[in-house]
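Beneath this line is the structure, given in structure tokens, with notes to follow.
The values are calculated or read from the model by the stated rules, or taken from the named source; none is laboratory data. These numbers come from a predicted model, not from an experiment. Cβ atoms come from the backbone with ideal geometry, glycine included; neighbour counts cover every protein chain shown.
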Amino acid sequence: MWTSGSSGGRSAPGSEEAGWVEDFAFRLLELLAGGADSAELARFAVAEPRSAAAVDLALRINATVHGHRRREAELSALVDTAGDLARLRDPDEVLRSIVRRARRLLGVDLSYLTLNDAEAGITYMRVTDGSVSTLFPEVRMKMGVGLGGLVAQTALPYTTPDYLSDEHFLHSGPVDEAVRDEGLTALLAVPLAVGETVIGVLYAAERAAREFSPEEIALLSSLADHAAVALDNARLLAEVSAHSQDVERAEQAHDRLMDLVLRGGELPAVAAAVADVLRGGIGVYTAGGTELAHAGLPTAAPAPETVTASYNSGRATATEHGWVCAVQAGPELLGSIVLRTGAALTDADRRLFERAAVVTALLQLLRRSVAKAEDEVRGELLTDLLTAPERKPGTLVDRGKRLGVDLTAEHAVLVVHADGVSRRRLAASAAQYAVLCGIHAEQVVLLARTDAPGALAAQIAAALGAQAGCPVTVAAGGPARGPAALAAAYREAERCLRALLRLGREGSGASMAEVGFLGLVLADRADHTGFIRQALGPVLDYDRDRGTELIRTLTAYFASGCHVPRTKDRLHIHANTVGQRLDRIGSLLGPDWQSPDRLLEIQLALRLHALRDL
């Protein structure tokens with residue numbers, strides 16, 4: 001039982017202080033279990049001055065839980081939106097769903113949508129959600145006026161923390177009056193575009209000052225892009241005959257794609273579905289041209305200028321062998337999707353191909369959000385494992401199992417270091433080698449399944465160094481099993497990293513066994529066998545395979561003060577024989593075997609080898 005007293009000591013069982021602590025802890029846990037907000041916890045802290053440190057910890061736990069819940073809610077809203085839009089056919093219902101979901105997705109006070117009437121030259125309010133003003137829903141303005149006019153002209157998102165004082169767009173008296181009446185302050189507006197034509201603007205608005213994050217802009221832009229396609233599809237279905245085979249096929253394909261997204265499908269499944277419908281080859285590529293998925297006929301990464309043309313136009317671009325469409329979320333270019341076909345595309349097929357690009361963008365955003373949440377959970381596990389493994393080892397093991405990591409199995413712990421490289425970028429590149437990867441204490445730390453930590457460290461150092469274009473140093477500890485042993489292996493890896501850097505071995509990878517005799521000094525568990533093999537392995541193997549006496553010669557050579565005449569007398573052999581054996585040893589150990597550092601390691605290894613036979 002702990003106390004909040006300044007001495008940090010323990011209260012005797014049954015004492016008044018212990019009783020207060022038990023009662024306090026119960027009440028604090030009761031508040032957390034009941035979903036108490038920060039205000040309730042703050043009031044509790046005022047009532048119990050001695051509990052300040054514990055309440056501060058509870059506030060941080062509360063903020064973390066609410067953060068996870070918020071991310072889960074955003075993902076749920078985005079998936080629900082995709083499902084609704086896939087099923088909606090009535091244009092008015094589409095519009096209401098867009099606005100309602102936009103408000104829910106960003107958690108704002110008000111969301112609304114305006115549409116452009118090109119023939120009349122006006123922009124008018126079509127749907128609102130959360131409005132309390134009688135003026136606001138009736139807003140009509142000339143095209144080009146207000147924040148929406150700026151977004152419609154540039155076809156780019158725009159956000160302002162204070163609409164009424166923002167001078168970057170043309171204000172209108174009636175519009176400003178409606179904004180005041182509604183009490184709006186911060187606005188985010190993204191275009192609804194079909195091809196090169198902006199058909200409307202989707203807004204998220206707050207009655208208090210607010211800065212919208214890039215992630216929020218990208219999510220709302222992705223929703224607007226997808227909604228614009230769905231809206232255009234609804235309009236087409238209303239205008240085109242119900243007997244149109246192309247439209248029916250496009251509808252089925254679109255539903256098929258959205259069903260894949262809602263069931264958690266991956267990019268290869270999307271590529272396969274589109275390739276099947278369009279009877280061609282589909283390739284999905286990153287912005288850098290790396291293939292992410294492929295189905296059907298072989299495809300190649302598109303030329304950058306072709307992707308740029310599609311990005312600028314918002315439409316698929318024809319090429320010599322097929323079509324290319326940029327995959328984008330608002331202003332962010334995520335990559336491209338390529339169609340290889342020898343047949344001409346109908347308008348319905350082209351629209352389906354463009355929808356596939358929107359679905360691909362949505363899927364990538366969903367995966368990015370899920371990956372971000374998972375990375376945070378993995379990072380928390382790694383930090384707890386390395387800082388307090390003895391606190392609740394069973395809980396750590398259970399948390400690891402939920403993430404697919406068996407902490408009771410043998411793992412190596414590796415620390416990655418590079419100057420001038422973002423740690424997040426370094427961690428992202430190194431994650432492929434690990435079952436658990438994160439940033440701990442300003443270091444990139446990996447947990448990897450291997451029985452050769454030094455070899456894996458060298459492999460990672462070489463690969464990441466080539467990728468980053470600068471030296472990357474990797475130090476390994478372990479292998480070890482269990483939370484406490486893994487934490488000890490991490491400390492060993494830290495010491496190994498410091499040794500590598502101080503020895504001038506920047507850009508290399510090693511464990512204590514490869515650091516040389518310093519590894520014996522610094523390691524928690526001295527690996528004598530590994531050290532002997534590192535220093536004398538080729539000579540030992542040569543003697544074993546050929547029945548020679550190179551180790552005995554080397555021992556006599558050092559015992560004679562590296563003097564050949566005295567060595568031949570000690571061994572009772574000719575001086576030429578000693579010279580030949582030393583030449584053979586040099587060919588096995590390398591030309592620098594008689595350098596001061598190597599001589600020290602070799603002599604120490606010889607001593608340890610001799611002691612093993614005692």
Practice task
Take the residues in the stretch 484-495 that are within 17 Å of Thr450 (Cα to Cα) and under 26 Å from the mean Cα position of the chain (by Cα), then tell me which one is surrounded by the fewest Cβ atoms within 10 Å (Cβ to Cβ).
Solution key: Ala487
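The rows are residues; the columns are (1) modelled with pLDDT of 80 or more; (2) under 29 Å from Ser511 (Cβ atoms); (3) outside the structural domain of Cys496 (by TED's automatic domain parsing).
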| site | (1), (2), (3) |
| --- | --- |
| Glu332 | yes, no, yes |
| Ile337 | yes, no, yes |
| Pro389 | no, yes, yes |
| His411 | yes, yes, no |
| Ser422 | yes, yes, no |
Exercise for the section: Return the total of residues in the stretch 101-133 being touching a helix residue (DSSP H, G or I) at 6+ places or on another chain (Cβ under 9 Å) and of a type in the set (D, E, K, R). Expected result: 5
Handout entry: Matching option when the condition is surrounded by 16 or more Cβ atoms within 10 Å (Cβ to Cβ), modelled with pLDDT of 70 or more, in contact with a Ser or Thr (Cβ under 7 Å, 6 or more places away or on another chain) and among the acidic types (Asp, Glu), among Asp109, Asp129
Key = Asp129
Problem - Some residue of the stretch 582-591 being surrounded by fewer than 15 Cβ atoms within 10 Å (Cβ to Cβ) and in a loop (DSSP other than H, G, I, E, B) - result: yes
Exercise for the section: Run down Val247, Val270 and say which single residue is more than 27 Å from Glu332 (Cα to Cα), modelled with pLDDT under 80, of a type in the set (A, V, I, L, M) and touching a Ser or Thr at 6+ places or on another chain (Cβ under 9 Å). Expected result: Val247
Practice task
For residues that are small (Gly, Ala, Ser) and either part of a strand (DSSP E or B) or in contact with a Phe, Trp or Tyr (Cβ under 8 Å, 6 or more places away or on another chain) (or both), scanning just the stretch 310-369, find the one that is surrounded by the fewest Cβ atoms within 10 Å (Cβ to Cβ).
Solution key: Ala318
Handout entry: Scope the stretch 188-229; condition without any contact (Cβ under 8 Å) to a residue 24 or more places away in the chain and part of a strand (DSSP E or B); matching residues
Key = Thr197
Exercise for the section: Within the stretch 544-564, track down each residue that is under 15 Å from Gln580 (Cβ atoms) and either touching a strand residue (DSSP E or B) at 6+ places or on another chain (Cβ under 7 Å) or assigned to a helix (DSSP H, G or I) (or both). Expected result: Arg546, Leu550, Arg552, Thr553, Leu554, Ala556, Tyr557, Val564
Problem - Selected residue (only one of Val284, Val274 is hydrophobic (A, V, I, L, M, F, W, C), touching a residue at least 60 places away in the same chain (Cβ under 8 Å), within 14 Å of Arg340 (Cβ to Cβ) and not in a strand (DSSP E or B)) - result: Val274
Practice task
Could you check, for the stretch 75-93, whether at least one of its residues is surrounded by 13 or more Cβ atoms within 10 Å (Cβ to Cβ) and at pLDDT 80 or above?
Solution key: yes
Practice task
Answer yes or no as to whether Leu135 is within 25 Å of Arg100 (Cβ to Cβ) and surrounded by fewer than 19 Cβ atoms within 10 Å (Cβ to Cβ).
Solution key: yes
Exercise for the section: Return yes when Ala189 is aliphatic (A, V, I, L, M), outside the structural domain of Leu362 (by TED's automatic domain parsing) and under 29 Å from the mean Cα position of the chain (by Cα) and no when it is not. Expected result: yes
